[in-house]
1. Taking the chain as a Gaussian network, where each spring joins two C-alpha atoms under 10 Å apart, which residue of Leu124, Leu153, Leu54 fluctuates the most?
2. In square angstrom, what is the accessible area per residue of the chain with a 1.4 angstrom probe?
3. Roughly speaking, what is the centre-to-centre gap between the stretch 94-147 and the stretch 14-74 when only Cα atoms are used, to the nearest Å?
4. Carbon and sulfur: what percent of the stretch 1-114's accessible surface (1.4 Å probe)?
5. Which of these values of Cα extents along the principal axes in Å was calculated from the structure shown: (i) 102, 47, 23; (ii) 39, 35, 29; (iii) 44, 36, 31?
6. Arrange the peptides 2-14, 91-103 so that the one whose residues have, on average, the most other Cβ atoms within 10 Å appears first.
7. Normalise the Cα radius of gyration of the stretch 2-42 by 2.2 N^0.38 Å (N = residues in it) and let me know the number.
8. For Lys164 paired with Glu21, estimate the spin-label separation in nm (one decimal), with each label point 7 Å from Cα along the Cα-to-Cβ line.
Amino acid sequence: MISKLLPTKIYKDIYEITPDEIASQGIRALILDIDNTLVTYDDPTPTESVSAWLCAMHTAGIQTAFVSNNHAERVEGFCKGLCCYFHADAKKPSRKYLRLAMDHMGTTADDTACVGDQLFTDVLAGKRAGMRAFLVPPIKDKRTLFFRAKRLLEKPFLRIYYKKNNKA
């Protein structure tokens, strides 16, 4: 079970995940979380830098889909005009909508990776679906008791990841 909570790789932010980096790993598609992964909760639509990043992925032939635990209004508003698969209220770590996204894109777990900011939702869902799971630090974390507790519970697994990967 511990291995399902360890990301395949941790990146400093989404911009470190480049089309060349992805293609070199045989990845043809990314399933993305939105909030705190791509933008803050306060950003209703993709920022210019996120739009450019998505455009670079698409230009390189990397497909994208969005699977979020946030509500439909938020996810639909963010994805408006992006012309890609998206699903709200995904109940991650359920893998159901990650599988539907792969079906929609015509990819498999072998050539798809998920990207998110949380171990217990994004990483666990991706690993349960058999794909690579990339973690980025949250852009601007919520400071509620629930989120602070969740981040505290993630720390032991992050320590295991860093020790396993010989990183300080």
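1. Largest GNM mean-square fluctuation: Leu153.
2. Working: 8590 Å² over 168 residues.
About 51 Å² of surface per residue is accessible.
3. The distance from the Cα centre of the stretch 94-147 to that of the stretch 14-74 comes to 12 Å.
4. On the way: 2950 of 5500 Å².
About 54 percent, which is the carbon plus sulfur part of the accessible surface.
5. The value matching this structure is (ii).
6. Working: 2-14: 15.7, 91-103: 20.0.
The most tightly packed comes first, giving 91-103, 2-14.
7. Values: Rg = 11.9 Å, N = 41, 2.2 N^0.38 = 9.0 Å.
It is 1.32.
8. 1.9 nm
The values are calculated or read from the model by the stated rules, or taken from the named source; none is laboratory data. These numbers were taken from a predicted model, which means no experiment stands behind them. Cβ sites come from the backbone with ideal geometry, for glycine too, and all protein chains shown count toward neighbours. Heavy atoms of the whole protein, side chains included, go into the accessibility calculation; ligands, DNA and RNA do not. Shrake-Rupley method; radii C 1.70, N 1.55, O 1.52, S 1.80 Å.
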